[in-house]
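What follows is one structure encoded as structure tokens, with my remarks underneath.
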Amino acid sequence: MNWEFIIKYLPLYQRAAILTVKIGVIGIVFAVLVGLVCAAVQYYKIPVARQITAVYIELSRNTPLLVQLFFLYYGFPKIGVRLSAEVCGVVGLAFLGGSYMAEAFRSGLEAVDDVQKESAFSLGLNSRQILGYVILPQALSTSVPALVANIIFLLKETSVFSAISLMDLMFTAKDLIGLYYKTTESLFLLVVFYLLILLPVSIVGTLLERRLRYAGFGD
Amino acid sequence: MAEPILEIEQLIKEYGQNRVLDGVNLTVHKGEVIVIVGPSGCGKSTLLRCINALEDIQGGIIRLHGEEIQKGSASSQKLRQKIGMVFQSYDLFPHLTVLDNITLAPVKVQKRKKEDAAKEAMELLTRIGLADKANSYPRQLSGGQKQRVAIVRALCMHPEILLFDEVTAALDPEMVREVLDVMLDLARQGKTMLIVTHEMSFARAVADRVIFLDQGNIVEEAKPEEFFEHPKTERAQKFLHVFSFDQVKKQEEGNCSEQSESHL
Amino acid sequence: MPDLGIEVLFKGTNMLRLLQGLWVAMRISLISIAVSIPLGIIVGALMTVKNMAVKAVSKVYLEVIRIMPQLVLLFLVYFGTTRAMGINLSGELASIIVFVLWGTAEMGDLVRGALISIPKHQYESSQALGLTKSQTYLYIIIPQTLRRLLPLSINLITRMIKTTSLVLMIGVVEMLKVAQQIIEANRMSSPNAAFGVFLVVFVLYFLACWPISMLARYLEKKWS
């Protein structure tokens, strides 16, 4: 292992990691928003929007992110929609992640027993209060494990961004392997940086899940 | 007789083709305790759910103090606050402590001060012997404790009438008593209550009036002594016979200490 | 109607080549899943044994594989072996190795989940009926486990197929690569081909995965 090489190119990886995290986080935030909207549309059974949501979810879940990105990045400019690689990354992640987040929220909402709504109802709470004080707190806490799993899944998916020439970790590693043949060092840095990004999320997720399950209020 | 609180006229409830309530008439007066009995599927629970506007109705009218209750209407929202209901399944909110469960509606719906609501909640909890559980979460309570808290939660809204929908049906036998005792206490205090139950000896002890519901209609209506000793209709006799038969068998087997209803 | 460049696909054998590219992706995922399922069952079963060492080793394997992006694993195996160890793996073989490693870990996790979801009283009541241990597994536990497992493993197939799109990045010529070649070769005659061709790729991936997802959902509903 050539440590000099590692130290020399550390900043390059650092920059790449920041880019990965930045696009990842923004993409995930949008994915959560898309997911919330979709889950709400399905929960309230809003006509038309519900069908559109269903089609979107199928498209999103049954196609790879890489293909979605190619379509966005190389295909869309041909019909006059030109997006930067960063924007494509965010849009792609939100498009892919939205359906997974919707699923997490939906199962959380469905897990809330009907009698919970009815007893809140008979205590005189209106539907807004029932949603805010009774349904959402329970639904969200049930959704947490799935949400964490989705976040890790989406952060991992960011690794394909290099295909649309974003200078992320994969791009940097591939570049260095191509340029200097320092394969071991480049791959070592790649793994270390992905662990630095993913391990904390995974650990926090596990702790959160355990807290909710054991110390929390789950019935 | 005291003033009527709740009036039900010609109530009809259908699920699709299936008519569950077929023209029920019932008047509940202030301070009255009415027990509704009947075979499963006779519409007892549905009747309570209609009164609390959890179900829409296909005919007839339900009035609380002369005001009509209808599912979804804005005035029903107000009226519902005057009706307390306790369900069969433990319906406490699992994400709130016992105290928060009780004070949620008084604070959010009636806009009472949090301290006042909490003070009253603590008094009620003390009365049922659960003051030490105020900061526990529902999952830390036994089934009987949960149901007692659910009753207090309904009480704290100062309802004019309380509906109990088979509140002991899901409980272990040794916990049934503690819940029934709370309800007996409420009856003694003069609360107006409408109770659906399968606990016949309890019904006998608590009721001012027993209503026998069968196939969506009130078949018999009488004082408890009368109903249990000398049921007039054949259907009621048959229904009560099921219970006494059950009893004989158990006595033959020799141990039925938890069942105290020795002669119905 | 703007020129979307779909007509490129009707030139010569272009469409056929694209489908062959899809077949490469499907082949990689089908071979991988066929190997992963039995291996995953073994790993999953190992995770439920009482031996702490066996449990720990399989857990570490599972966690390590599952936390890394599949693309990183592809890089590790492909570049790691060819450049660092001097073994020359073809991109396709490297892909299959990675997908088997990954598929085994995912399958192992599903098997473990299905096994521990069988309540204890199922074992107890089988024994109370006088069934032997192997009879208990054969008639009671395995059928129940399979019902829980089958929809999830079918879902794993679609995840595999979707993930095969990554093998482009280590030089395997699959559908996306063929698409790029077609677009490149027709740059002059149909400058807009990127839209049409990638749209078709998108649709083809969807058509490959969607029926499998539907089957998984159908089985899940039927057996839940």
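The values are calculated or read from the model by the stated rules, or taken from the named source; none is laboratory data. Because the structure is predicted, anything quoted here is derived from the model rather than measured. In this analysis, Cβ positions are derived from the backbone assuming ideal geometry, glycine residues included, and neighbour counts consider all displayed protein chains.
Quick notes
- Matching entry among C:199, C:219, C:138, C:149 (being within 14 Å of another protein chain (Cβ to nearest Cβ) and either touching a Gly at 6+ places or on another chain (Cβ under 6 Å) or part of a helix (DSSP H, G or I) (or both)): C:199
- Total residues in segment C:1-31, condition farther than 19 Å from residue C:191 by Cα, within 14 Å of chain A (Cβ to nearest Cβ) and out of contact with any Leu (no Cβ under 8 Å at 6 or more places or on another chain): 4
- Qualifying residue in segment A:78-95 (condition: at positive phi and away from chain C (no Cβ under 12 Å)): no
- Filter result for residue A:169 (surrounded by fewer than 20 Cβ atoms within 10 Å (Cβ to Cβ) and at pLDDT 90 or above): no
- Residue within segment A:42-62 that is under 23 Å from residue A:127 (Cα atoms), in the same structural domain as residue A:134 (by TED's automatic domain parsing), touching a residue at least 40 places away in the same chain (Cβ under 8 Å) and out of contact with any strand residue (DSSP E or B) (no Cβ under 7 Å at 6 or more places or on another chain) present: yes
- All told, residue B:23 falls short of being modelled with pLDDT of 85 or more, out of contact with any helix residue (DSSP H, G or I) (no Cβ under 8 Å at 6 or more places or on another chain), crowded, with 23+ Cβ neighbours inside 10 Å and within 21 Å of residue B:210 (Cβ to Cβ).
- The single residue among A:212, A:140 that is part of a helix (DSSP H, G or I), within 14 Å of chain B (Cβ to nearest Cβ) and in contact (Cβ under 8 Å) with a residue 60 or more places away in the chain turns out to be A:212.
- Among the criteria (1) modelled with pLDDT of 90 or more; (2) closer than 19 Å to residue A:90 by Cα, the one residue A:203 does not fulfil is (2).
- Screening B:117, B:121 for residues that are more than 8 Å from every other protein chain (Cβ to nearest Cβ), within 23 Å of the chain's Cα centre (by Cα), of a type outside the set (D, E, K, R) and farther than 25 Å from residue B:5 by Cα leaves exactly one candidate, B:121.
- In segment A:50-65, the residues that are over 20 Å from residue A:25 (Cβ atoms), outside any loop (DSSP other than H, G, I, E, B) and not small (Gly, Ala, Ser): A:50, A:51, A:52, A:53, A:55, A:56, A:57, A:58, A:59, A:61
- Flag if residue C:160 is assigned to a helix (DSSP H, G or I), loosely packed, with under 15 Cβ neighbours inside 10 Å, modelled with pLDDT of 90 or more and of a type in the set (A, V, I, L, M): no
- Yes/no for residue B:82 being in contact with an Asp or Glu (Cβ under 7 Å, 6 or more places away or on another chain) and surrounded by fewer than 19 Cβ atoms within 10 Å (Cβ to Cβ): yes
- Residues of segment B:1-29 classified as in contact (Cβ under 8 Å) with a residue 60 or more places away in the chain and aliphatic (A, V, I, L, M), total: 7
- Check on residue A:40, part of a helix (DSSP H, G or I) and farther than 26 Å from residue A:167 by Cβ: yes
- Subset of segment C:157-183 (residues that are within 19 Å of residue C:79 (Cα to Cα) and free of Cβ contacts under 8 Å to residues at least 40 places away in the same chain): C:168
- Checked against (1) within 23 Å of residue C:54 (Cα to Cα); (2) within 14 Å of the chain's Cα centre (by Cα); (3) within 14 Å of chain A (Cβ to nearest Cβ), residue C:108 meets all criteria but (3).
- Of the criteria (1) of a type in the set (Gly, Ala, Ser); (2) in a helix (DSSP H, G or I); (3) on the phi > 0 side of the Ramachandran plot, which one residue A:186 fails: (3)
- Single residue of segment C:179-195 satisfying the filter (surrounded by fewer than 22 Cβ atoms within 10 Å (Cβ to Cβ) and assigned to a helix (DSSP H, G or I)) that is nearest to the other protein chains (Cβ to nearest Cβ): C:180
- Of the strands (runs of 3 or more DSSP E) lying entirely inside segment B:30-148, not one carries at least 2 residues that are in contact (Cβ under 8 Å) with a residue 12 or more places away in the chain, touching a strand residue (DSSP E or B) at 6+ places or on another chain (Cβ under 9 Å) and hydroxyl-bearing (Ser, Thr, Tyr).
- Residue count for segment C:68-86, restricted to those that are buried (at least 17 other Cβ atoms within 10 Å of the Cβ) and either in contact (Cβ under 8 Å) with a residue 60 or more places away in the chain or within 7 Å of chain A (Cβ to nearest Cβ) (or both): 12
- Residue A:36, sole failed condition from (1) of a type outside the set (Val, Ile, Thr); (2) within 14 Å of chain C (Cβ to nearest Cβ); (3) more than 30 Å from residue C:174 (Cβ to Cβ): (2)
- Some residue of segment B:68-78 being more than 10 Å from chain A (Cβ to nearest Cβ) and of a type in the set (A, V, I, L, M, F, W, C): yes
- Pick from segment A:114-137, criterion at the interface with another protein chain (Cβ under 7 Å from one of its Cβ atoms) and under 30 Å from residue A:207 (Cβ atoms), ranking: nearest to the chain's Cα centre (by Cα): A:137
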